[in-house]
Each structure stands twice: as C-alpha cells, then as structure tokens.
Amino acid sequence: MASARRDVFQAIADPNRREMIKLLAAQTMNLNAIAEQFDISRPAVSQHIKILIECGLIIIEQKGRERYCVAKLETLNEVANWVEHYKQFWTDNLNSLDKYLTKIQKKKIKMQTKNQTSKEAALTVAKEFNAPIQLVFDALSNPDALVEWWGPAGYTMTVTRFDFTPRGICLFKMENKERGMWARFIYGQIKSPELVEFTLSFSDEKGGITKAPFFENWPLEIFNIITLTEQGGKTTLTNNCFPVNATNEEISSFEENKLSFNEGLSASLEKLKIYLLKNN
C-alpha cells in the first residue's frame, strides 16, 4: 500500500531540512556536498532528502554519473499563503485591540472629566424674601407654584412631568411669542425646608439632554444647590450653580457667559418675589 504524500509543513518542521532547503535555494548540490554541511550521518541526510522529495520541494536530476538535488520552492507558496492568512488574522485582531484600547482610554478620560465638578467656575445668586422658609420651599417643590416664577422674563412655563424626589425629574417647556424650548431638572438631595439640589439641562420633549439653543459650547449640565435660611420671618435663598460633566471648552463658555445666565436666574427670583407676596 502506497504511503500518503507528505505535506510541505512536515518538510519545514525539522531544522536540518530547513537548512537543506536554504542551501539548495542558493545552488544545485549533490548528496555528498549536502552531507558535508551537516554533523549527522549520511543515511540521516538521505532520509531528509527523501522527505523533501516526497513533499515536492526538491527533485533529483541526473548529470552524468552524479545525481543532483534541485530546489523546487514553489511548493513553499502553500506555507507563505498560510502564514499570510494568519498574519492578516493577527493584524486585524491587533488593530481591533488597538481600537478597543483607544476607546477605553477615551472613555476613561471622559469618565475622569465626568466625575469632575467645576466649583471654581461657580455662580452664586442670593435673594432675601419677606416670607417664611416653608412658603419659599413650597414654591420650589410644587409644580403649580414653579410655573409662576421659573424661567427668563417674558417666558411662560408648562410642566409635563414632575417627581420631586431624589433622582426624580421635572420636565418642562418654556416659551414666548418667538420660541419654545424644553428643559429638565434631575433632583439630587432634598431636605425640607432648607435644601434642594438639581441638575439643569436643556432637553427634548421626552427629557433627553440636548445642547443649549444659545452660547456655543454651553455646558450640557448645570448643577444647582439651593439653600434656604430664615431669620426674623424673612428667608434668604442662595443658589450656587456650576458646570458638571463639562469639557474645558464648556467651562470656559460658562465663565464667559455666566453674567447672562445670572440675569436669567435673577429674573426668575424677581418673579418668585411677586409670587410670594401674592401668597404670603
């Protein structure tokens, strides 16, 4: 029974055969010349040559009384193609790994930015009201009261969702004759009657965060800490607000335009003053 033909990978599996292929690629040699290059027995050299013949990497040519080994290296294309396939495989996978690591690094940088608050860029607005602290707190915590005073001068407010609890949302629309825009509060800590925290963002009508309709690079999120203190029947409301999850460009935009933002907050507090006078 004839033995199965050896494949080219068997030929290159042995270092002696690899060296023989290298020698024959440079020149045609007879068996004696090949044997002189190796510290192995003549029968071992003959066995290696036999395997190379069976693998189709060399042929024997008779020249007079001598038999010469001639390289036929086209068969190595099979190895080259195999190597190229896995070279491409690993190149593709390493490229994917590089993209993944780049994505992770960007995400890490983003998360580092996301965890930073920018209190150095804080804006503080304070106003005293001739009203008890509980009434002022109620104006913050009741949607019917909130629509009476929140928002820039000339705008009316409509609340579509209201959940005055930590992580709850107040979703509302502000509009005048020229434009309408949606915004939201996501509440943080709430301690009646002295503390309300919320993150202010512009949004779509479903509550998804959107860019501000004014000021290029305005921060997507502004964190507000409202504290209330009462003395002699009068209540002081202090609002500290600053960008969170903001890029350096957004923080710079907040710094450059916070005077205008301050005017909007002050206008809201003036409307709150009128509301409290009516309801005290």
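No value in this document is a laboratory result; all are computed from the given coordinates. Note that the coordinates shown come from a computational prediction; the quantities given were computed from them, not determined experimentally. Don't worry about glycine lacking a Cβ; one is built from the backbone with ideal geometry, like all the others, and counts go over all protein chains shown.
Taking 7 Å steps out from each Cα toward its Cβ at Trp90 and Gln62 produces label points 4.6 nm apart.
Legend: residue pairs Lys127/Lys278; Lys173/Lys278; Lys99/Lys258; Lys103/Lys211; Lys127/Lys258; Lys127/Lys177, Cα-Cα distance threshold 27 Å; pairs beyond threshold, Lys99/Lys258; Lys127/Lys177.
For the chain, the relative contact order comes to 17 percent (Cα pairs under 8 Å, sequence separation of at least 6).
A helix-only calculation puts the chain at -14000 deg cm²/dmol for mean residue ellipticity at 222 nm, using -39500 (n - 2.57) for each DSSP H run of at least four residues, averaged over all residues. Build a GNM of the chain with springs between Cα atoms under 10 Å apart, and of Phe38, Phe185, Phe242 the one that fluctuates most is Phe38.
Between Ile40 and Thr156, the simple spin-label model (points 7 angstrom out along Cα→Cβ) gives 9.7 nm. The mean sequence distance of close C-alpha pairs (under 8 Å, at least 6 residues apart), as a share of the length of the range 8-77, puts its relative contact order at 38 percent. Across the chain, the longest run free of exposed loop sites, meaning trypsin sites (Lys or Arg not before Pro) lying outside DSSP classes H, G, I, E and B with no more than 15 other Cβ atoms within 10 Å, spans 73-166.
Think of each Lys and Arg Cβ as +1 and each Asp and Glu Cβ as -1; about the Cα centre, that makes the dipole of the range 146-235 roughly 120 debye. If I take R0 = 51 Å and measure r between the Cβ atoms of Lys72 and Glu255 in this structure, what FRET efficiency does the formula 1/(1 + (r/R0)^6) give, to the nearest 0.05? Computed FRET efficiency for Lys72 and Glu255: 0.10. The longest part of the chain holding none of the exposed loop GluC sites (Glu not before Pro), meaning those outside H, G, I, E and B in DSSP with at most 12 other Cβ atoms within 10 Å, is 37-177. Using Cβ point charges alone (K and R +1, D and E -1), the dipole size of the range 8-77 about the Cα centre works out to roughly 140 debye. Rounded to the nearest 0.05, the FRET efficiency derived from the C-beta distance between Glu270 and Asn248 at R0 = 30 Å is 0.35. In straight Cα distance, which aspartates and glutamates are under 13 Å from Lys22, not counting same-chain residues fewer than 8 positions off? Cross-link targets: Asp14.
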